[in-house]
1. Of all residues in the stretch 105-124, how many are surrounded by 14 or more Cβ atoms within 10 Å (Cβ to Cβ) and at positive phi?
2. In this structure, does residue 50 turn out to be basic (Lys, Arg) and within 20 Å of the chain's Cα centre (by Cα)?
3. Among what's in the stretch 128-142 and is open to solvent by less than 40 Å² (accessible area, probe 1.4 Å) and either closer than 22 Å to residue 158 by Cβ or not charged (D, E, K, R) (or both), pick the residue that is modelled with the lowest pLDDT.
4. Take the stretch 58-97 and flag every residue that is open to solvent by 80 Å² or more (accessible area, probe 1.4 Å) and not charged (D, E, K, R).
5. I need the full set of residues from the stretch 50-59 which are without any contact (Cβ under 8 Å) to a residue 24 or more places away in the chain and assigned to a strand (DSSP E or B), in order please.
6. What about residue 125, is it within 24 Å of residue 161 (Cα to Cα) and either assigned to a loop (DSSP other than H, G, I, E, B) or modelled with pLDDT under 90 (or both)?
7. Exactly one condition in (1) at positive phi; (2) part of a strand (DSSP E or B); (3) in contact (Cβ under 8 Å) with a residue 60 or more places away in the chain is not met by residue 96; state its number.
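The values are calculated or read from the model by the stated rules, or taken from the named source; none is laboratory data. All figures in this text were calculated on a predicted structure; none of them were measured in a lab. So basically every Cβ, Gly included, is an ideal-geometry build from the backbone, and we count neighbours across all protein chains shown. Keep in mind that these areas ignore ligands, DNA and RNA; they rest on the heavy atoms of the full protein, side chains included. Shrake-Rupley method; radii C 1.70, N 1.55, O 1.52, S 1.80 Å.
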Amino acid sequence: MRRFRSFIGLIILCSLCGVGFLAWYTIAPPGGKNPPTGEPASAADLKLDRLHYTETREGVKEWELDAASAQYFKEDGSVVLERVRAAFFGKNDQTYTLEGEKGRLNPQTKAVEAFDGVKLETSDGYRLETRSLRYQADKRELITGDPVEMHGPQGKITGIGMIVHLDQQRIKILRQVTVVLTAWNPAGDQRKKP
């Protein structure tokens, strides 16, 4: 009986060691690599203190981008930006000026993203604030899925998600839209809060 207990104890001990080894083997990164941390896996291939980039199509300027600093990562083909400012040009001389603390540019797709304290101003007096905004060059649209707050001459609009169609001069708030209109003073054509 004593031998039987020792034998069972040995089997349990070996089983626990086997389970521990399998757990360690499946959790540990392969080849001794460190797990991803959210930071770029390698140092930047190119660093710039100031960046100015202009995108044109058939001789017409579509947008301009300025950043205080830029880091190019060849492995994923992206440019990480700090203190981003971009101007997107729509039809009829309409301009949309984007600002953000951080950003990213994909030179292949011409996609521009801005994060952290994003502000967008239009040349006809609208101001918008959100957490992130993405420019899609193939559709010529500015897009976000984040909460949006927009102020303009007629009032304030809030909601979640937005699409700005640059060529159609149209802004669309996607969901949970709230509108607060300001009173109109016909004598001076001045808008004021009620």
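1. We begin by selecting, within the stretch 105-124, every residue surrounded by 14 or more Cβ atoms within 10 Å (Cβ to Cβ); these are 105-106, 110-115, 118-123.
Checking the rest, the ones that are also at positive phi come to 110.
The total comes to 1.
2. Values: basic (Lys, Arg): yes; within 20 Å of the chain's Cα centre (by Cα): no.
So residue 50 does not fit the description; no.
3. Taking the candidates together, the pick is 137.
4. As a first pass, look at the stretch 58-97 and keep what is open to solvent by 80 Å² or more (accessible area, probe 1.4 Å): 58, 60-61, 74-76, 83, 85, 91-93.
Correct list: 60, 92.
5. Step one: filter the stretch 50-59 for residues without any contact (Cβ under 8 Å) to a residue 24 or more places away in the chain, giving 50, 52, 54, 56-59.
The answer is 52, 54, 56, 57.
6. Details: within 24 Å of residue 161 (Cα to Cα): yes; either assigned to a loop (DSSP other than H, G, I, E, B) or modelled with pLDDT under 90 (or both): yes.
Taking the combined requirement at face value, the residue satisfies it.
7. Checking residue 96 against (1) at positive phi; (2) part of a strand (DSSP E or B); (3) in contact (Cβ under 8 Å) with a residue 60 or more places away in the chain, the one that fails is (1).
Every residue, every condition in (1) outside any strand (DSSP E or B); (2) open to solvent by 40 Å² or more (accessible area, probe 1.4 Å); (3) at pLDDT 85 or above; (4) not hydrophobic (A, V, I, L, M, F, W, C), yes or no:
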{"site": "144", "(1), (2), (3), (4)": "no, no, yes, yes"}
{"site": "151", "(1), (2), (3), (4)": "no, yes, yes, yes"}
{"site": "157", "(1), (2), (3), (4)": "no, yes, yes, no"}
{"site": "167", "(1), (2), (3), (4)": "yes, yes, no, yes"}
{"site": "191", "(1), (2), (3), (4)": "no, yes, no, yes"}
